[in-house]
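The values are calculated or read from the model by the stated rules, or taken from the named source; none is laboratory data. What you see is a predicted model, and the numbers here were worked out from it, not measured in a lab. Glycine gets a Cβ as well: all are built from the backbone with ideal geometry, and neighbour counts include every protein chain shown. The accessibility values were calculated without ligands, DNA or RNA, using every heavy atom of the protein model including side chains. Shrake-Rupley method; radii C 1.70, N 1.55, O 1.52, S 1.80 Å.
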Amino acid sequence: MKKLYLAMLLLCTAVSFAQTRVFKIVDKNTQKELTSAYAENTTTNAIIYATAEGLALQVQQSYRIKNLGYQPVEVEITSTTPKIIVLQPKVNSLAEVLITGNRLQDPVMTMVKPDISKYVVQPKNVADLFSGLNGFSLIKRGNYAIDPSFRAAQYEQLNIQYDGGTKVMHACPNRMDPITSHVSPEEIAKIEVIKGPFSMRYGATFGGVVNLVTQSAQNYKQGVSGSVSSGYETNGNALTTMAKVNYVDEKFDLGVNYGYRDFGNYEDGSNTEIPSSFRSIDYGINLGYNFTEQQRLQLNWRQSFGRDVLHASLPMDTEYDDSSIASLDYHIKELSEGVNALKFKLYYSFVDHLMTNENRPNRSIVEASSPVESITTGGKLEVDWQLSEEIRVFSGFDAQLLARDGSRTRVVKQNMMGMPLPEAQVFVDKIWQDSYVNTFGFFNEAKWKLLEQTSLTLGARLDLVTSDIKDPEADFEDLYPNLGEREEYNFSFTASLTQDLNEYSTLEFAFGRGLRSANMIERYINHFSVGSDPYEYIGNPNLDAEVNNQFEVKYASNYAINHGFFKGISFEASAYYSIFENYIAPLIDTSLNRKYMPNQEPIHPKVFRNLDDAYKYGFETSFNLALPNDFNLNWQSAYVMTKNEDLDEALPLTPPWRNRFTLAYTTNTFWSELAYQVVSKQDELSTSFGEVETSAWQTLDFKAGLNYKSYQFGVAVLNIFDEFYNNHLNFAFTNQDGFSRRPITEPGRNFSVFAKYKF
């Protein structure tokens with residue numbers, strides 16, 4: 001801590017006093033005042049809404065001025081900044097964002113991580129971008145297959161999507177290729193989160209919605225523009241490059257990007273080399289055409305190619321992982337007095353994945369290769385109705401169709417006694433058994449402005465889920481003799497109330513009942529090791545949908561101070577409680593035996609079952625102080641407790657209490673951040689999941705960047721004190737020479753540099 005205090009003292013070297021000035025925001029064409037405009041502080045991300053007098057903004061601070069339907073403008077407030085700020089009406093944009101700053105449109109219980117591309121410190125994976133979002137943790141199996149976890153919800157419990165609805169589902173049963181691995185981190189403009197089942201508009205939702213908003217050419221200046229960037233990390237000799245070119249005119253826009261990433265094995269805090277290298281190539285094309293100011297069509301195409309990916313905590317490695325994603329969006333607004341907009345989306349994604357044990361120690365006993373594939377198609381149609389000035393309704397239909405197939409070929413060279421076979425034996429094991437899970441949803445959500453300071457949200461959706469297994473293994477068919485197409489009907493709903501206590505603070509109450517039908521692993525996997533433990537797992541096609549009944553309250557305030565040392569204070573706190581029904585978890589079944597290597601422990605497999613009694617509760621808080629001379633101090637804290645009453649233990653993958661302190665300095669040309677993270681030990685364990693106690697750990701990171709004309713530079717020192725640690729959610733080393741079965745450790749000290757040129 002002394003080192004942290006010293007670093008903070010070195011950064012906080014000057015004090016000055018700020019003033020507040022009031023600005024009018026007007027339409028460029030009509031000069032009409034925009035009373036619904038708001039400002040977002042580019043340093044603290046704090047939101048300031050306009051009052052009857054206008055927008056009260058602090059001198060020596062930079063803000064992004066926004067209003068629905070207008071192009072945002074970034075303004076640095078000085079004593080000479082004009083008191084009238086003009087916004088340009090923007091050509092109709094698509095519904096790739098969920099949170100717009102409009103009370104009669106936005107969901108409740110949300111948070112946003114904006115401007116990700118502005119402060120680059122070379123993340124390895126899109127999931128790494130979640131590290132600064134309060135309440136998020138990471139599930140790590142290597143340096144590539146990283147999944148985000150939010151409040152102990154993960155995998156399909158989180159509704160993760162791109163640009164307001166596009167999905168790409170993994171092909172590998174061990175999740176070597178989660179959705180976060182199919183788009184380059186440099187393409188992500190911001191991350192939006194709905195913290196629970198509090199909106200019905202974005203698909204079936206259990207633990208929350210995560211929307212990854214990618215960069216679009218329509219948001220760049222007219223004419224030709226672009227950028228070239230490159231970064232390097234010392235720990236693992238990691239190299240990334242990215243090139244982008246955009247063309248924009250009044251009717252048409254085109255964006256093309258290309259990225260290459262080459263990461264080697266990193267060293268942890270004890271200088272142990274962790275098998276984690278990978279290479280990937282990504283490219284994307286987005287085309288947009290504006291028929292009118294109210295009508296737009298957009299096409300996106302992306303491909304990603306992963307090669308030679310090492311997974312330290314999985315039984316095999318990825319030879320290749322190729323994905324293709326196509327999406328078509330159409331949006332028309334102001335159709336009539338009662339219809340605000342109509343939005344339509346179609347998407348298709350294909351993942352072709354091959355994993356082998358070519359570089360693993362058991363290769364001399366058995367050669368294994370598993371080619372698998374996943375196809376996801378879907379879409380959405382939504383109508384935005386204006387029933388009255390106070391009531392807005394969103395009605396629609398969405399669909400997600402998921403099909404997977406693939407097998408594992410084993411060439412066995414030795415018998416169970418370890419003796420070579422006179423002739424190798426070949427076996428083919430069905431992984432996905434040619435299965436599908438299709439979901440069709442119908443939803444309605446209403447926003448009702450009860451009073452000037454009070455708004456109510458009511459929403460409901462009905463999901464029809466159909467599933468089937470078309471090529472079952474004989475033993476799976478023996479275990480479940482009544483296999484066939486199954487239909488499920490899931491009804492979800494939500495109700496929330498938002499109350500402005502005054503012009504500085506807001507209180508939100510929400511209840512949501514979200515349902516999630518079992519995913520394909522939970523239904524159809526057959527004697528494969530897909531957990532963090534060495535058990536074989538067996539699916540259960542008769543599982544009931546799990547239910548999350550979540551209650552949450554949130555208080556948020558944002559005060560600008562005209563005098564004194566502190567220039568602004570913002571505070572946010574939320575507390576939640578979830579009662580689960582039919583929670584899906586794998587349980588040991590002593591009536592069944594291991595199928596592959598039957599003499600190896602553990603002998604009995606796990607079968608997915610519904611739990612009768614489970615719950616979780618927790619809180620998140622954040623506190624931000626705007627200090628003189630462009631300094632900013634922030635504290636975030638997130639805690640979650642889970643309970644599986646059936647087994648009297650915690651639910652699997654429950655993260656420990658996490659606190660993060662940051663001291664930042666930001667101007668238009670220079671930014672720096674000192675981040676101190678404190679994570680408690682985790683002794684609330686799911687022993688049936690193979691979890692072990694994780695020690696507490698602390699890390700200190702320093703990041704800095706410079707924007708000079710068309711150039712952008714960044715440097716970072718991560719894990720400054722070379723801490724040796726592992727996250728509690730990390731999987732254990734598996735089938736690796738020289739490693740015992742313990743959780744994989746995180747990178748030690750790491751230096752990085754980044755450079756970008758924009759034209």
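Data overview
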{"read-out": "Test: residue in segment 255-267 that is of a type in the set (A, V, I, L, M, F, W, C), open to solvent by less than 60 Å² (accessible area, probe 1.4 Å) and within 21 Å of residue 347 (Cα to Cα)", "value": "no"}
{"read-out": "So residue 522, is it buried (at least 17 other Cβ atoms within 10 Å of the Cβ) and under 30 Å from residue 427 (Cβ atoms)", "value": "yes"}
{"read-out": "Scope segment 146-174; condition touching a helix residue (DSSP H, G or I) at 6+ places or on another chain (Cβ under 9 Å), hydroxyl-bearing (Ser, Thr, Tyr) and crowded, with 24+ Cβ neighbours inside 10 Å; matching residues", "value": "149, 162"}
{"read-out": "Single residue of 232, 247, 220 found to be closer than 18 Å to residue 97 by Cβ, open to solvent by 40 Å² or more (accessible area, probe 1.4 Å) and over 22 Å from the mean Cα position of the chain (by Cα)", "value": "220"}
{"read-out": "Residue match in segment 198-208 (condition: under 17 Å from residue 115 (Cβ atoms) and either at pLDDT 95 or above or open to solvent by 10 Å² or more (accessible area, probe 1.4 Å) (or both))", "value": "no"}
{"read-out": "Which numbered condition residue 491 fails, given (1) loosely packed, with under 14 Cβ neighbours inside 10 Å; (2) over 29 Å from the mean Cα position of the chain (by Cα)", "value": "(2)"}
{"read-out": "Which listed residue is open to solvent by 80 Å² or more (accessible area, probe 1.4 Å) and part of a strand (DSSP E or B), from 751, 724", "value": "751"}
{"read-out": "Lone qualifier among 573, 560 - being open to solvent by 10 Å² or more (accessible area, probe 1.4 Å), within 25 Å of the chain's Cα centre (by Cα) and not aromatic (Phe, Trp, Tyr)", "value": "573"}
{"read-out": "Residues of segment 58-94 that turn out to be over 18 Å from residue 48 (Cβ atoms), at pLDDT below 80 and open to solvent by 40 Å² or more (accessible area, probe 1.4 Å), as a count", "value": "4"}
{"read-out": "Subset of segment 318-333 that is open to solvent by 10 Å² or more (accessible area, probe 1.4 Å) and acidic (Asp, Glu) - its residue that is farthest from residue 171 (Cα to Cα)", "value": "329"}
{"read-out": "Selected residue (criterion: most open to solvent (accessible area, probe 1.4 Å)) from residues of segment 653-683 that are closer than 22 Å to residue 532 by Cα and out of contact with any strand residue (DSSP E or B) (no Cβ under 7 Å at 6 or more places or on another chain)", "value": "683"}
{"read-out": "Within segment 551-620, strands (runs of 3 or more DSSP E) holding 2 or more residues that are closer than 17 Å to residue 689 by Cα", "value": "583-588, 606-611"}
{"read-out": "Failed criterion for residue 330 (all others in (1) more than 23 Å from residue 742 (Cβ to Cβ); (2) touching a Ser or Thr at 6+ places or on another chain (Cβ under 7 Å); (3) of a type in the set (Phe, Trp, Tyr) hold)", "value": "(2)"}
{"read-out": "Wholly enclosed strands (runs of 3 or more DSSP E) of segment 383-471 bearing at least 2 residues aromatic (Phe, Trp, Tyr) and open to solvent by 50 Å² or more (accessible area, probe 1.4 Å)", "value": "435-451"}
{"read-out": "Single unsatisfied condition, residue 477 versus (1) in contact with a Lys or Arg (Cβ under 9 Å, 6 or more places away or on another chain); (2) open to solvent by 30 Å² or more (accessible area, probe 1.4 Å); (3) more than 20 Å from residue 195 (Cα to Cα); (4) modelled with pLDDT of 95 or more", "value": "(1)"}
{"read-out": "Residues located in segment 253-297, provided they are over 19 Å from residue 328 (Cβ atoms), in contact with a strand residue (DSSP E or B) (Cβ under 6 Å, 6 or more places away or on another chain) and β-branched (Val, Ile, Thr)", "value": "274, 281"}
{"read-out": "Condition met for residue 694 (of a type in the set (S, T, N, Q), under 23 Å from residue 77 (Cα atoms) and open to solvent by less than 40 Å² (accessible area, probe 1.4 Å))", "value": "no"}
{"read-out": "Single residue of segment 40-57 satisfying the filter (more than 25 Å from the chain's Cα centre (by Cα) and part of a strand (DSSP E or B)) that is modelled with the lowest pLDDT", "value": "49"}
{"read-out": "Residues located in segment 615-652, provided they are surrounded by fewer than 21 Cβ atoms within 10 Å (Cβ to Cβ), modelled with pLDDT under 95, in contact with a Ser or Thr (Cβ under 7 Å, 6 or more places away or on another chain) and among the hydrophobic types (A, V, I, L, M, F, W, C)", "value": "647"}
{"read-out": "Positions within segment 668-696 being in a loop (DSSP other than H, G, I, E, B) and in contact (Cβ under 8 Å) with a residue 60 or more places away in the chain, in sequence order", "value": "668, 690, 691"}
{"read-out": "Selected residue (only one of 515, 543 is in a strand (DSSP E or B) and either over 27 Å from the mean Cα position of the chain (by Cα) or over 30 Å from residue 625 (Cβ atoms) (or both))", "value": "515"}
{"read-out": "Some residue of segment 607-615 being free of Cβ contacts under 8 Å to residues at least 60 places away in the same chain and polar (S, T, N, Q)", "value": "no"}
{"read-out": "Single residue of segment 305-316 satisfying the filter (in a strand (DSSP E or B) and open to solvent by 10 Å² or more (accessible area, probe 1.4 Å)) that is nearest to residue 363 (Cα to Cα)", "value": "308"}
{"read-out": "Checklist (1) at pLDDT 80 or above; (2) buried (at least 23 other Cβ atoms within 10 Å of the Cβ) applied to residue 113, failing item", "value": "(2)"}
